[in-house]
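Inspection log for the structure reproduced underneath, given as structure tokens.
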Amino acid sequence: MASDAKEWGLLAEFENPAAIYHACERVRDAGFKKWDAHTPFPVHGLDDAMGLDRSKLPYVVLVMGLTGACLAMLLQWWVSAVEYQMVISAKPFFSWQAFVPITFELGVLFGALGSVFGMLGFNQLPKFHHPLFQSARFERVTDDRFFISIESTDVRYEPEGTAQFLASLGALAVERIGDPNAK
């Protein structure tokens, strides 16, 4: 099932959200793994139709937020109770109530950083060029067209068979996309 090394994959064009929704269900059921749907606006339920799992980003944000809060509390404890012990107004060295604002702020800061860098990592960004940008048809993805792309590195990919499969889903057009980085 290996394909030509110079081919990145196939791009199928669909006319409306209902058509791409049903096509995504069929591509998912066919067992393809390296494929994506491209739409000009969010289509409700498309992630379920594609069989996507829930995002792991909330866990990254939670861990980073808790890490930031713990580091803030640890630093403030170390400064006031260990390194620079000063009795101020007969307060104990570790007066945690005074440390809450900084702890909260560092938790929010680390959570926000985890959100940004986690999103960039999960989306494999920055990616300055993608082979789909070569397609003149694909320029309409930001206007009024819907696309499914299947990569040639997918285990189930067969150049002719996959193209016929996409055409059978009601695609307006199926286009082969070359890989400019292939040697």
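Quick one: how many residues across region 34-62 are in contact with a Phe, Trp or Tyr (Cβ under 9 Å, 6 or more places away or on another chain), farther than 24 Å from THR162 by Cβ, among the aliphatic types (A, V, I, L, M) and surrounded by fewer than 18 Cβ atoms within 10 Å (Cβ to Cβ)?
Qualifying residue count, region 34-62: 1.
Within region 127-139, work out how many residues are within 17 Å of LEU172 (Cβ to Cβ) and either touching a Lys or Arg at 6+ places or on another chain (Cβ under 8 Å) or touching a residue at least 60 places away in the same chain (Cβ under 8 Å) (or both).
The initial filter retains those residues of region 127-139 that are within 17 Å of LEU172 (Cβ to Cβ), namely 132, 135-139.
Next, only the ones that are either touching a Lys or Arg at 6+ places or on another chain (Cβ under 8 Å) or touching a residue at least 60 places away in the same chain (Cβ under 8 Å) (or both) stay: 132, 135, 137-138.
Here the count works out to 4.
Whether any residue in region 44-65 is closer than 30 Å to PRO92 by Cα, of a type in the set (Gly, Ala, Ser) and out of contact with any strand residue (DSSP E or B) (no Cβ under 8 Å at 6 or more places or on another chain) is what I want to check.
There is at least one residue in region 44-65 that is closer than 30 Å to PRO92 by Cα, of a type in the set (Gly, Ala, Ser) and out of contact with any strand residue (DSSP E or B) (no Cβ under 8 Å at 6 or more places or on another chain).
Looking only at residues that are out of contact with any Phe, Trp or Tyr (no Cβ under 6 Å at 6 or more places or on another chain) and of a type outside the set (Val, Ile, Thr) in region 74-89, which one is surrounded by the fewest Cβ atoms within 10 Å (Cβ to Cβ)?
Start the filter on region 74-89 by keeping residues that are out of contact with any Phe, Trp or Tyr (no Cβ under 6 Å at 6 or more places or on another chain), which leaves 74-75, 78-79, 82-84, 86-89.
Then drop every residue that is not of a type outside the set (Val, Ile, Thr), which leaves 74-75, 78, 83-84, 86, 89.
Numbers: LEU74: 11, LEU75: 14, TRP78: 12, GLU83: 8, TYR84: 9, MET86: 7, SER89: 5.
Only one residue tops the list, namely SER89.
If you scan region 110-133, which residues turn out to be part of a helix (DSSP H, G or I) and either under 23 Å from PHE147 (Cα atoms) or not small (Gly, Ala, Ser) (or both)?
Hits for region 110-133 are PHE110, LEU113, VAL116, PHE117, MET119, LEU120, PHE122, PRO131, LEU132, PHE133.
For every residue, the table says whether it meets (1) assigned to a helix (DSSP H, G or I); (2) in contact with a Gly (Cβ under 9 Å, 6 or more places away or on another chain); (3) modelled with pLDDT of 95 or more.
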| site | (1), (2), (3) |
| --- | --- |
| GLY65 | yes, yes, yes |
| LEU75 | yes, no, yes |
| ALA98 | yes, no, no |
| VAL108 | yes, yes, yes |
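Answer with yes or no whether SER152 is under 24 Å from GLU15 (Cβ atoms), surrounded by 13 or more Cβ atoms within 10 Å (Cβ to Cβ) and among the polar types (S, T, N, Q).
No.
Of the conditions (1) touching a residue at least 24 places away in the same chain (Cβ under 8 Å); (2) under 30 Å from PRO40 (Cβ atoms); (3) of a type in the set (D, E, K, R), GLU105 fails just one. Which one is it?
(2)
Check whether at least one residue in region 114-130 is loosely packed, with under 12 Cβ neighbours inside 10 Å, among the charged types (D, E, K, R) and at pLDDT below 90, and report yes or no.
yes
Which condition number does ASP48 fail, the rest of (1) outside the structural domain of ARG140 (by TED's automatic domain parsing); (2) not in a loop (DSSP other than H, G, I, E, B) being met?
Among (1) outside the structural domain of ARG140 (by TED's automatic domain parsing); (2) not in a loop (DSSP other than H, G, I, E, B), the lone unmet condition for ASP48 is (1).
Against the conditions (1) in contact (Cβ under 8 Å) with a residue 24 or more places away in the chain; (2) closer than 30 Å to VAL27 by Cα; (3) of a type in the set (S, T, N, Q), where does ASN123 fall short? Just the number, please.
(1)
Kindly list, by first and then second residue, each pair from a residue in region 5-18 that is more than 11 Å from VAL141 (Cα to Cα) to a residue that is among the aliphatic types (A, V, I, L, M) and surrounded by fewer than 17 Cβ atoms within 10 Å (Cβ to Cβ), limited to pairs with Cβ atoms under 6 Å and residues at least 6 apart or on different chains.
ALA5/ALA182; LYS6/ALA182
Looking at (1) loosely packed, with under 15 Cβ neighbours inside 10 Å; (2) modelled with pLDDT of 95 or more, which is the only condition TYR21 fails?
Against the list (1) loosely packed, with under 15 Cβ neighbours inside 10 Å; (2) modelled with pLDDT of 95 or more, TYR21 comes up short only on (1).
The values are calculated or read from the model by the stated rules, or taken from the named source; none is laboratory data. Here the structure is a predicted model, which means the values were calculated and not measured. With ideal geometry, Cβ positions are generated from the backbone for all residues, glycine too; neighbour counts draw on all protein chains shown.
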